[in-house]
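Below: one structure, written as C-alpha cells.
Values quoted throughout were computed directly from the atomic coordinates according to the rules given, and no laboratory measurement underlies them. Nothing here was measured: the structure is a model prediction, and the numbers come from that model. Reconstructed Cβ throughout: ideal geometry from the backbone, glycine too, with neighbour counts over all protein chains shown.
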Amino acid sequence: MEVIVAPSYAGMSLRAAEVVCEAIRKEPELVLGLPTGATPVGMYRHLVAAYEGGQAGFSRVRTFNLDEYLGLAPEHPASYHTYMREHLLAHVNLAPQRTHIPNGASPDPETECRAYEEAIAGAGYLDLAVLGIGQNGHIGFNEPGAELRAEVHVACLGVETRRLAYEYWENAVANPFPSLEDFPDRAITMGMGTILQAKRILLLASGESKAQAVSQAVAGAITPHVPASFLRLHRDVTVLIDSEAASVL
Ligand code: F6R
C-alpha cells in the first residue's frame, strides 16, 4: 500500500485527477470505478478542466459507480445519478451507454444487483477503482459489521452513515427530504470482492474526520469492522490523502 500525503485538499484533488488522466492516456478503454460524496468533488472539477483543456478525453472510457441509494430514481436530486451528471457526466465526452450507475428505483433490486455485478464482470472488472472512505471505515456502502459481502448487493446504511448523509441535505438550499425518516436507509453497492477485483485502487480521504478511519485502514487489523482495512489484501493500492486525514498515521 502506497500512502501519498498531499499538503491540502486542493493538492489531493489535482493529484487524483492526474492519476485518472494518466491511466486513460495509457489505456484509452479504461474501465473506471467512481465514487460520489464530498471528497471527489475537486477531482471531478480537475477532470472536467482537463477535458475542456484538451488534456483528457473519455470517449472510449467506461465508468461504473460504486453505489446508489435504494428508492431514489435517477432524476431525484439526491441520487448519485444526479451527482454524477452535475459533477462529471454533463461536462465531458462520456456517452450515456458507457456510464453505469445502479438503478436505485429498480422494482427488483436483487436482479439489479446481479445485473450490475455481471456488467462489471463482463467489462473484465475495473482497471482503476477510485474510492472514498467513510468516517466509520466504510467503502462504497460496505458498512462495518461482523461480515462483509463480496458481490454487488443491497446494503443497510448504518445509523451514523445515514445521519451524516442526511445532514448534507439538511444544510442544502433545498432539502428534498421532510425529515431523516424520509432519507433512504438502503443502497445498492459494489461488494468488497467486486472492488478488490480492480487492477488498481486509488483511495482518497480528506479532513480530520477521516484520520481515524484512514489510520485503521492503513495500519490496524484487517477486520470487517473496518471494511477499508481489506484494501490491504490488494497488491496495488494508493492511498492519497491530505495532511489532516493523515494526522494520526
Ligand atoms: C460514495 C461512497 C462512500 C463515500 C464515503 C465518503 O459513492 O461510496 O463510501 O466515498 O462515504 O464520503 P465523503 O466523501 O462525502 O466523505
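Worth pointing out:
- Unmet requirement for Lys26, which otherwise passes all of (1) more than 16 Å from Leu128 (Cβ to Cβ); (2) surrounded by fewer than 16 Cβ atoms within 10 Å (Cβ to Cβ): (1)
- Filter result for Leu180 (within 15 Å of the ligand (Cβ to nearest atom), out of contact with any strand residue (DSSP E or B) (no Cβ under 8 Å at 6 or more places or on another chain) and over 18 Å from Tyr83 (Cβ atoms)): no
- Filter result (in contact with a helix residue (DSSP H, G or I) (Cβ under 8 Å, 6 or more places away or on another chain), surrounded by fewer than 19 Cβ atoms within 10 Å (Cβ to Cβ) and either farther than 22 Å from Glu151 by Cα or charged (D, E, K, R) (or both)) within segment 191-237: Arg200, Gly207, Gly220, Ala221, Arg232
- Count of segment 58-96 residues, restricted to those that are without any contact (Cβ under 8 Å) to a residue 12 or more places away in the chain and among the hydroxyl-bearing types (Ser, Thr, Tyr), is 1.
- Segment 175-187 residues that are under 15 Å from Cys156 (Cβ atoms) and in contact (Cβ under 8 Å) with a residue 60 or more places away in the chain, paired with ones that are surrounded by 13 or more Cβ atoms within 10 Å (Cβ to Cβ) and among the β-branched types (Val, Ile, Thr) (beta carbon under 9 Å, 6 or more apart): Arg186/Val154; Ala187/Val154
- Residue pairs whose Cβ atoms lie under 8 Å apart, sitting 6 or more positions apart in sequence or on different chains, and linking a residue in segment 138-164 that is touching a residue at least 40 places away in the same chain (Cβ under 8 Å) and more than 14 Å from Pro109 (Cβ to Cβ) to a partner that is in a strand (DSSP E or B) and among the β-branched types (Val, Ile, Thr), are Gly140/Thr189; Asn142/Thr189.
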